[in-house]
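Here the structure comes first, spelled out in structure tokens, and everything after it is commentary.
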Amino acid sequence: DNVEWSEEQEASARSKVEENSSQLLPQDKQEEYEVNAKRYWDDFYKIHENGFFKDRHWLFTEFPELAPNRNPRQNGDSVHEYSNGEELNNEGLQSCENGLCSLETRAENQLNLVKSTSKICAEGVATQKYSEQNQSDGEYPGSSASYRILEVGCGAGNTVFPILQTNNDPGLFVYCCDFSTTAVDLVQNNAEYDSSRCFAFVHDLCNDQSPFPMPDESLDVVILIFVLSAILPEKMQCIINRLSRLLKPGGMILLRDYGRYDLAQLRFKKGQCLSDNFYVRGDGTRVYFFTQDELNDLFTTAGLEKIQNLVDRRLQVNRGKQMTMYRVWIQCKYRKPAAPQL
């Protein structure tokens with residue numbers, strides 16, 4: 001945990017990235033990946049359904065804001081501990097051929113899902129219906145709840161269901177959305193899905209005309225776990241702005257995503273780079289690798305204040321293959337300023 005890199009190691013990583021980004025995909029191919037992004041994620045879920053992913057119980061260690069007592073740590077430099085190495089198992093590279101890592105950190109990719117949300121998605125009728133209700137009579141899913149959480153990029157529900165199982169707060173309501181219709185179907189058809197405590201819907205974050213089922217300033221927490229990295233970089237700021245508007249004063253965005261020079265980035269080959277630090281995998285899904293400053297700029301530009309922004313460097317060891325793997329993730333918490341006292 002918290003592995004420090006030597007100057008030589010960082011220089012080597014930088015050199016690999018310069019090499020694998022020296023040849024960019026042609027613009028027409030890049031546009032094709034953007035237009036067909038929804039299909040790539042739907043295909044992914046049709047293949048893997050919900051058997052591939054494991055629930056992320058580490059969430060409550062890293063993000064106590066999601067736990068029943070809702071007693072968040074205010075120490076932005078806190079060091080994470082995982083009791084059973086679950087995240088490492090979930091997010092280790094499972095299969096890398098020619099640097100494509102098509103099953104790479106699928107637990108992460110799963111979250112990246114909505115990630116890919118930069119695409120063209122037909123919104124569900126239910127979302128539109130509830131949005132219209134918001135404007136007409138003030139009623140919407142979870143309108144009577146006292147604590148509301150939205151997970152963007154819910155995938156098969158591997159974050160949503162642990163929250164519902166662990167947090168028995170009667171005032172809790174959890175929204176979850178994904179760019180993939182197939183993923184949302186998996187959530188809604190799960191035996192643990194309880195429509196009295198949860199509302200799953202298809203949503204295209206990059207379409208600012210796409211309605212949310214809840215009004216602005218109604219959410220306590222927005223969760224982005226390996227989601228933002230799958231979005232076209234030039235669309236990221238607009239998305240964070242939209243999500244910020246949904247937060248109540250004092251509400252928070254919780255993020256965990258890929259950091260610069262993560263093993264996944266170093267394993268890409270020439271011809272897979274779309275733009276600086278943005279790549280396409282063998283299955284057509286895309287991924288960006290962040291720095292702390294980039295994320296800080298996105299959140300502060302949206303009017304949020306930093307609570308936490310740290311790099312989590314980890315060393316994974318595959319004893320069977322005698323391989324060492326250096327992972328780099330970034331974890332952030334940003335809060336909407338409280339309303340001024342009158």
What's the FRET efficiency of GLU31 with ALA67 using the Cβ-Cβ distance as r and R₀ = 45 Å, to the nearest 0.05?
0.60
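Multiplying the sequence separation of THR166 and THR300 by 0.36 nm and subtracting their Cα-Cα distance, what value in nm do you get? List each step's numbers first, then the result.
Values: separation 134, 0.36 × 134 = 48.24 nm, distance 3.13 nm.
Gain in length upon complete extension: 45.1 nm.
Shape call for the stretch 228-336 from the C-alpha gyration tensor, a ≥ b ≥ c root eigenvalues: rounded (a/c under 1.5), prolate (a/b greater than b/c) or oblate? Can you show the working numbers first?
On the way: a/c = 2.83, a/b = 1.61, b/c = 1.76.
Because a/c hits 1.5 or more and a/b fails to exceed b/c, the stretch 228-336 counts as oblate.
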For the stretch 22-27, 3J(HN,Hα) per residue [Karplus equation, 6.51 cos²θ - 1.76 cosθ + 1.60, θ = phi - 60°, Hz, x = Gly/Pro]
6, 10, 8, 5, x, 4
In order through the stretch 191-204: 3J(HN,Hα) via Karplus (6.51 cos²θ - 1.76 cosθ + 1.60), integer Hz, x for Gly, Pro:
4, 7, 6, 10, 5, 7, 10, 8, 9, 9, 8, 7, 8, 9
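Would you mind getting me the FRET efficiency between LEU315 and ASN190? Use the beta-carbon distance for r and R0 = 30 Å, nearest 0.05.
Details: r = 34 Å, r/R0 = 1.14.
Calculated transfer efficiency: 0.30.
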Just to check I understand the Karplus step: with θ = phi - 60° and J = 6.51 cos²θ - 1.76 cosθ + 1.60, what whole-Hz values come out for the stretch 279-289, glycine and proline as x?
10, 10, 8, x, 8, x, 7, 10, 8, 10, 10
At q = 0.18, 0.20, 0.27 Å⁻¹, base-10 log of I(q)/I(0) for the stretch 274-338 (Debye sum, equal scatterers on each alpha carbon)
-0.85, -0.93, -1.08
Amide hydrogen neighbours beyond the local backbone of GLY259, cut-off 5 Å, H modeled:
PHE290, VAL328, TRP329, ILE330
Would you please give the residues with an amide H less than 5 Å from that of GLU151, counting only those at least 5 places away or on a separate chain, with H modeled from the backbone geometry?
TYR175, CYS176, CYS177, ILE223
Once amide H atoms are placed 1.01 Å from N in the peptide plane, what residues at a sequence separation of 5 or more from GLN272, or on another chain, have their amide H within under 5 Å of its amide H?
none
On the protein heavy atoms, probe 1.4 angstrom, tell me the percent of accessible surface of the stretch 224-283 carried by carbon and sulfur.
49 percent
Which of rounded, prolate or oblate describes the stretch 174-301 when judged by the alpha-carbon gyration tensor and an a/c cut-off of 1.5?
oblate
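Enumerate by residue number the trypsin sites (Lys or Arg not before Pro) in the stretch 270-326 meeting two conditions: DSSP loop (anything except H, G, I, E, B), and at most 12 other Cβ atoms within 10 Å of the site's Cβ. Walk me through the intermediate numbers first.
Working: sites: LYS270, ARG281, ARG286, LYS306, ARG313, ARG314, ARG319, LYS321; in loops: LYS270, ARG281, ARG319, LYS321.
The qualifying sites are LYS270, ARG319, LYS321.
The values are calculated or read from the model by the stated rules, or taken from the named source; none is laboratory data. Note that the structure is a prediction, hence the values are computed from the model and not measured. Methodologically, a virtual Cβ is constructed for each residue, glycine included, from the backbone with ideal geometry; neighbour enumeration extends over all protein chains shown. In case anyone asks, the SASA skips ligands and DNA or RNA and just uses the protein heavy atoms, side chains included. Shrake-Rupley method; radii C 1.70, N 1.55, O 1.52, S 1.80 Å.
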